[in-house]
Amino acid sequence: MIEYYEQLTEQEQEQVRQVVELLYRQTFVLERKYDKRTGRMVLNREYPICEKHLDFLKAYFAIAGIRLEENVSTGTIYIQGTHLIGDKLSRLATLYLLILKLIYEEQMEEASSSMHVFTTIAEMHGRLGNFQLLERQPSVTEVRRAVAVLKRFQVIEPLDVMEELDMESRVVIYPSIHMVLMGDDVRALIQTFGEEETEDETE
């Protein structure tokens, strides 16, 4: 494994180092990301690098007990393992994650030809309201923080700059949402959150 790395050019070694850091930091590397300038999905330059050195990267992460997986159908390379320590999500970010998963699944069931789904903050809040999971409307600051976390982990991409994010802002839901939770798990968690809200109201 070390021999493989040492035989790479300095530029390739730096590229490998960067994608390792990216995977540790973001968990996912997406094949295509939304480009605000062109309004299209464009090839993510890190993805071909991961594919080129995939066997080496798998062996590298395996040393730490971490699996590196590639899902060709969704265009996602990601890491999984019990030794990974992720950031603790706020309650709002967790609720967003759950409702984004449901929105993504529902739109994909409509035979969409794209692997990427669009929604708005307002729709997310509306759906959470239907499940009675928002006891109050979160502040703009809370919304922006929650969106920023999910953006950092390559789950969504807001189409507006963070400083201008509001209820009408649109976001792209990336196919990496598939790797976060299974659909049945999401519904069970939503029910759990709803039960917690009911308990809070009766206390």
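The values are calculated or read from the model by the stated rules, or taken from the named source; none is laboratory data. For clarity, every value in this text was computed on a predicted model and none was experimentally measured. A quick note on method: Cβ atoms are made from the backbone with ideal geometry, for glycine too, and the neighbour counts reach across all protein chains shown. Areas reflect the complete protein model, heavy atoms only, side chains present, ligands, DNA and RNA absent. Shrake-Rupley method; radii C 1.70, N 1.55, O 1.52, S 1.80 Å.
So here's what we get for this one:
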{"item": "Matching residues in the stretch 162-183 - criterion: being open to solvent by less than 10 Å² (accessible area, probe 1.4 Å) and over 14 Å from residue 104 (Cβ atoms)", "result": "165, 169"}
{"item": "Subset of the stretch 184-203 that is open to solvent by less than 90 Å² (accessible area, probe 1.4 Å) and polar (S, T, N, Q) - its residue that is modelled with the highest pLDDT", "result": "192"}
{"item": "Sole residue being closer than 16 Å to residue 171 by Cβ and modelled with pLDDT of 90 or more, chosen from 124, 115", "result": "124"}
{"item": "Filter pass, residue 104 being in contact with a strand residue (DSSP E or B) (Cβ under 7 Å, 6 or more places away or on another chain), surrounded by 20 or more Cβ atoms within 10 Å (Cβ to Cβ), of a type in the set (Ser, Thr, Tyr) and in a helix (DSSP H, G or I)", "result": "yes"}
{"item": "Looking only at the stretch 5-46, and only at residues there that are among the hydrophobic types (A, V, I, L, M, F, W, C) and not in a helix (DSSP H, G or I), the one that is nearest to residue 119 (Cα to Cα)", "result": "41"}
{"item": "Evaluation of residue 50 against (1) open to solvent by less than 10 Å² (accessible area, probe 1.4 Å); (2) closer than 19 Å to residue 156 by Cα (one fails), failing number", "result": "(2)"}
{"item": "Residue that is farthest from the chain's Cα centre (by Cα), among those in the stretch 139-161 that are buried (at least 19 other Cβ atoms within 10 Å of the Cβ) and not in a helix (DSSP H, G or I)", "result": "158"}
{"item": "Within the stretch 126-138, tally of residues that are polar (S, T, N, Q) and either within 27 Å of residue 34 (Cα to Cα) or in a helix (DSSP H, G or I) (or both)", "result": "1"}
{"item": "Residue among 84, 57 that alone is at pLDDT 90 or above, open to solvent by less than 70 Å² (accessible area, probe 1.4 Å) and among the hydrophobic types (A, V, I, L, M, F, W, C)", "result": "57"}
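Here's the yes/no breakdown for (1) part of a helix (DSSP H, G or I); (2) in contact (Cβ under 8 Å) with a residue 12 or more places away in the chain:
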position: 3; (1), (2): yes, no
position: 51; (1), (2): yes, yes
position: 55; (1), (2): yes, no
position: 64; (1), (2): no, yes
position: 77; (1), (2): no, yes
